[in-house]
1. Give me the 1.4 Å probe accessible area per residue for the stretch B:246-354, excluding ligands and nucleic acids, in Å².
2. Given the -39500 (n - 2.57) contribution per DSSP H run of 4+ residues, what per-residue ellipticity at 222 nm results for chain A, rounded to the nearest 500 deg cm²/dmol?
3. Roughly what % of Cα-Cα distances in chain A sit above 34 Å, to the whole percent?
4. How shielded is B:335-347 by partner chains, expressed as the average number of their Cβ atoms within 10 Å of its Cβ atoms?
5. In the protein assembly as shown, what percentage of the DSSP-assigned beta bridges are antiparallel, given to the nearest 5?
6. With all protein chains present and a 1.4 Å probe, how do B:Cys173, A:Cys83, B:Cys306, A:Cys109 order by accessible area, largest first?
7. Along Cα→Cβ, 7 Å out, is where each label goes; now give me the distance between the ones at B:Ile273 and A:Glu186 in nm to one decimal.
8. Using the charge dipole of the stretch B:226-460 (Lys, Arg: +1 at Cβ; Asp, Glu: -1 at Cβ; taken about the Cα centre), state which of B:Gly301, B:Gly228, B:Val453 has its Cα farthest towards the positive end.
Amino acid sequence: MEIATNPTDTPFSIIMPKPIDHENSSDQIVQPDRETVGIPFVKHPRMSCRDVVVRYGDKQAINSISIDVGKNEALAMIGPSGCGKSTFLRCLNRMNDTIPSCRVEGSICLDGIDIYDPATDVVPLRARVGMVFQKPNPFPKSIYDNVAYGPQIHGLTSTKAELDTIVETSLSKAGLWDEVKDRLQEPGTGLSGGQQQRLCIARAIAVSPEVILMDEPCSALDPIATAKVEELIAELRTQYSIVIVTHAMQQAARVSQRTAYFHLGDLVEVGATDKVFTNPLHKLTEDYITGRFG
Amino acid sequence: MYPYILPCIVILSVAFYLLGARRANSIAVFYGGTKNLHSLPSHYGLYSAICCALPPILVFVLWRIFEETFITSSLSQSLPQEYLTLSANELTLVYNEIKNVALGGFGANSSNQVIKDAATLYLANLHSARNLVCALIVVLGIIPPLFALKHISKDLRARNIVENIGMAVLIACSAVAILTTVGIVLSVIFEALHFFKAVPVSDFLFGLKWSPQVAMRADQAGSSGAFGAVPVFLGTFLIASIAMSVAIPIGLLSAIYLSEYATNRTRTLVKPILEILAGIPTVVYGFFAALTVAPLIRDIGTALGCSVSSESALAAGLVMGIMIIPFVSSLSDDVIHAVPQTMRDGSLALGATHFETIRNVIIPAALPGIVGSILLAISRALGETMIVVMAAGLSANLTFNPLTAVTTVTVQIVTLLVGDQEFDSPKTLAAFALGLLLFIFTLILNIIALKIVRRYREQYE
């Protein structure tokens, strides 16, 4: 991603903090001091979210968030526990549909098409926006079948040879092929935690998604496995858009190009990762990354 | 005194519990609070109570076991010479008579003076021995707990001792279950061995004719008896497979509906109703099968132009299948419900539909439990008797046709053992052989089930 120096040519449309409008803020949920600062929007977004509000029953979990996900970028979402970053992540491929009390408002577009439009079919959407979960969750199947599952249900291949190719390339992209090529028929649950997580990543990329969502993918892994997954994320970014939720700020700094800081359901700051970590615009962000809060 | 000995032990134990706890409390006061004791005062109380109760109970149990032998052997010296030359069986009869006279049981008025004398002696011996035992029990119920009370100190590990005794009780309880099983198996095996002395094993296992009626007297016109178990087992498996082909699909599919599609409200409403099916007594199912289903099947059969006997394997199998549904559905529902949500999310996040997720991910993950529930249901089907007696008949036909009357192992066992029996006739003993074979079958089934469950468990956890 190129970042132009001239503000008029920048691929990002920079939003400066809006002047606080006390007259009209009474009906707004966003508290004036939590107005998003930084650069939430990019020029050619893969996904664009506008005024997204999420409620669980009566409880509002996310207050009107607007943010873009660019092509070939890794967007990190950080923030204290319970700030709504995982909830927001699950909105991006409508995984929140499985929670009956959950209501999503606003618009989330993938390549310009609203995914919450009633006409949108959620099944192909989830094939285009893949997800990797906090805890590795390989299926009770062989390593091969774990990866082949997605292509099979979507009919991506017609011959066994094509399927073999997809399995091999997916596992290779996930950096797991050399470790498992001799035991593809063994159960996926027999792998180590780090291998399982990379198997889940391979499973997600086997259906050639455009965006991969990662919900704290390394929180259950040891440092070596974490390093491998981070390396993998850096590589995957060249082909996919990646949105990663993480609690480890070093991890966000290492793998992402942009970082979004969430605070109690608000998106407080978005910006280029090095900017956010070295020179945060918002007081809350600064408090969090310097360890004074969270 | 003797009849009140158990209440005495209980009262003594309670008293020693209180004494122990009190002594611990007073020690605690001396050392500045219960926190300075190794255990809680209640532990010390329990420790004294156990010291009080355990030795008397052991003595009492041992006495109950050996009382009979002890008293009769004390009698044997006093009996006249001619009785001592009797065979063991006849001697047992004599002892029984003495006992009956002494305790006023059946046949209590014997005219034989020797028996009367022996009965008086029996009573005298019994009373003196029982008084002795009572005395021993009281001594054992007081002396050891007094020592225990004296033993109580700040550092006595009463908590650990009480817990160890608790563990011993647990072991004893599980031993009861295991020993009972072993005992039943051994008794069945021994009776079956008797049977195999009369009928060769190969005839029993491979014989194609089952007709257990044997002539009791030489002039009787009864058949000589044929003990081929094949038709009986064939009938069993025929009915069980009909039942399973009803119960597995209906049970499993309703379990999937309940756990995956039904709302929580529906689930809490429907599941107990399904489980009521399991609470209906089998005899009720039996007459439902015999009076409603069997005639219905016969009528339908006649309408379609095939000959259906009024008692058919189909009727029994269908009703048995309905009876087994809750076993499959309820257990499978629990198992499917227990599949972690992350598994569902993983599949849904790949763009799988709900049904694809169920078929490809949830069912395989829940398979060990589902197999377990199905095997439980099969054991139930193999062991079911009432429905078959009423709806499937008694004639041991060697057939695969579900529209004819067949019989099952359990039904045959019932008919063989109902009424007056002689335990040296192969007819009666055949019941044990059938039981043994059925036991072996269900055992093999269980072993297979365990193997399957273990294999998948290793794979899926």
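1. Value for the stretch B:246-354: 46 Å² per residue.
2. Details: 10 runs with 91 residues, N = 294.
Counting only the DSSP helices, I get -9000 deg cm²/dmol.
3. 21
4. Taking the mean over all residues of the peptide, I get 3.
5. Numbers: 30 of 49 bridges.
So the antiparallel bridges amount to about 60 percent of the total.
6. B:Cys173, B:Cys306, A:Cys109, A:Cys83
7. Simple spin-label model gives 4.9 nm for this pair.
8. B:Val453
The values are calculated or read from the model by the stated rules, or taken from the named source; none is laboratory data. Predicted, not measured: the structure shown is a model, and the values here were computed from it. Because the Cβ atoms are built from the backbone with ideal geometry, glycine has one as well, and the counts that use them run over all protein chains shown. The protein model used for the area step is the full one, side chains on, heavy atoms only, and it has no ligands, DNA or RNA in it. Shrake-Rupley method; radii C 1.70, N 1.55, O 1.52, S 1.80 Å.
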